[in-house]
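Reviewing the structure listed below.
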Amino acid sequence: MAIDGVGNRTSFLTKYLIDTRSQLEDLQQQLATGKRANTYAGSGVNRGFAIGLRAQIEAISSYGDSITNVNARINVASAALSRMDDLGKDTKSAALKNSVALDADGQTSAQKIAMSSVAEMLQLLNTQAGDRHLFSGRATDAEAVVTLNELMDGNGAKAGLKQIINERRQADLGASGLGRLVVGAPTATSVSLSEDVAGSPFGMKLNAVSTTLTGAVVTGPAGAPPSLSVDLGATNPNAGEKLQLTFNMPDGTTSSLTLTATTSTTPAAGEFTIGANTAATATNLQAALSTAVGKLANTELVAASAFAASDNFFNASPPLRVSGAPFNTATSLVAGTSANSVQWYKGETGSDPARGTAVARVDQGITVSYGIRANEQGIRSTLRNMATFAAVTTSTTDPNGTAQVAALNHRVAVNLSQETGVQTIQNIEADLAGTQVAMNSAKERHTQTKAMLETMLDQIQGVSEEEVGSKILALQTSLQASYQTTAMLYQTSLVKYL
């Protein structure tokens, strides 16, 4: 009978022990990490699928990071926009109170409030979120607007808003102070009113004339430059009959004046005395017309001129300025330069929508736009009206000062009212709110999708703790028995075997 040696068997048992020990270590690692293996190779035939799932999860995580960053920027921008809107409303409210009491500086308390509001709004427009300027369009590394001092008072040789308003005021009033209009008497019984220069952008422009004066013949406005005339003819008007004229103002508004015939030899403002004949009446009408035009020019026109100048300053880049000097005889506007005029907006300009200046991808096929430019109409209009209100100074000795301030208050209040079809700050806020809604919807989808993908990945790479625990117990039992068997075999000799 052949006798096999114990060497082969012990060698086999040793290998078995090593393999079992390795399996036990793998199971213990699986129990500790919850993963089937440390490498994709250990995931089996589904390792390619696992790699794809992992890539999707990482992409979703990166979208989540983008959503978090954009949400933070939008929250900061929305807070700034909300405050700007409040500043505009506060200024409108102050203007509606119609306070016309001037202090020693020639301004009302409402105008002083407006100046503080402009300073705050400029600071808000230079808001940063991290290293990104939010209101500069694509120029995220540049401040959006100039400082308050530069905006109002200029910088060295660069003219600011106050200087541009003053130059425009001179050009609109003209040398005679009649708003660039000329009052004349073509005949003994007629009165005329003409613009001083054809095609000039300055002063009041003739719009319409109407009358109830008995026997009067009205012509115009027509011609170049436009002119109108009122001929009383041979019949004097009756007391209470009227002549009404309407003018176009530089800011796009219209203003009217009415002259009423009276028999009083001391006519009140807006009246003219009926004379002994139509020639005398025409002389009185001419004098009353000159006074009334001068009054309108030094009240309504002054306020309108300020807004026309601020329109040239805020809505043109570079700003438009009066071609002069002397400014009171100027007949055209010229574009300012970077050397002689402040340009209030320093950010990126473009003809494309402002929202498109900042874009973020929040899903595989979804991008959101959240860019803002400080020169957007809603922001620009609010800043322009507050700045114009704050920039105008009225002489405390001017007899027309009260009426000037009243006209200014009225325009500020009207301009700061919301107009249908015109962008407002609230519209910009709504755009950003819509962006956040889209991002939050994407975030909810990402949460659900990520949970599903992680479940699928866990099914491929993960392990059941109960199953692993059972395997470990089984291996431990088998390993213990094998150790005992191996120990016995190593103690076996030929004598014991026989």
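A few comments on the model shown:
- Prolate/oblate/rounded call for the stretch 328-395, Cα gyration tensor, a/c under 1.5 rounded: prolate
- Per-residue 3J(HN,Hα) values for the stretch 357-367, derived from phi via the Karplus relation 6.51 cos²θ - 1.76 cosθ + 1.60 with θ = phi - 60°, read 7, 9, 10, 9, 8, 10, 6, 4, x, 10, 10 Hz in sequence order (x marks Gly and Pro).
- Among 117-123, 417-423, the peptide with the highest mean count of other Cβ atoms within 10 Å heads the list, and the full ranking is 117-123, 417-423.
- Shape category assigned to the stretch 370-422 from the gyration tensor of Cα positions, a/c cut at 1.5: oblate
- Whole-angstrom gap from the stretch 357-404 to the stretch 126-183, using each part's C-alpha centre: 12 Å
- Three-way shape label, the stretch 108-188, alpha-carbon gyration tensor, a/c 1.5: prolate
- Listed peptides 281-292, 334-345 by packing density, highest first (mean Cβ within 10 Å): 281-292, 334-345
- When you filter the trypsin sites (Lys or Arg not before Pro) in the stretch 57-144 for DSSP loop state and at most 14 other Cβ atoms inside 10 Å of their Cβ, you are left with Lys97.
- Rounded to the nearest 10 Å², the accessible area of Glu58 at probe 1.4 Å: 120 Å²
- In terms of distances greater than 21 angstrom between alpha carbons, the cross-link table entries Lys89/Lys112; Lys112/Lys205; Lys162/Lys205; Lys242/Lys295 yield Lys112/Lys205; Lys162/Lys205.
- A straight line joining the Cα centroids of the stretch 406-440 and the stretch 192-254 runs 38 Å.
The values are calculated or read from the model by the stated rules, or taken from the named source; none is laboratory data. Quick caveat: nothing in here was measured; it's all calculated off a predicted structure. Reconstructed Cβ throughout: ideal geometry from the backbone, glycine too, with neighbour counts over all protein chains shown. Only protein heavy atoms, including side chains, enter the accessible area calculation; ligands, DNA and RNA are left aside. Shrake-Rupley method; radii C 1.70, N 1.55, O 1.52, S 1.80 Å.
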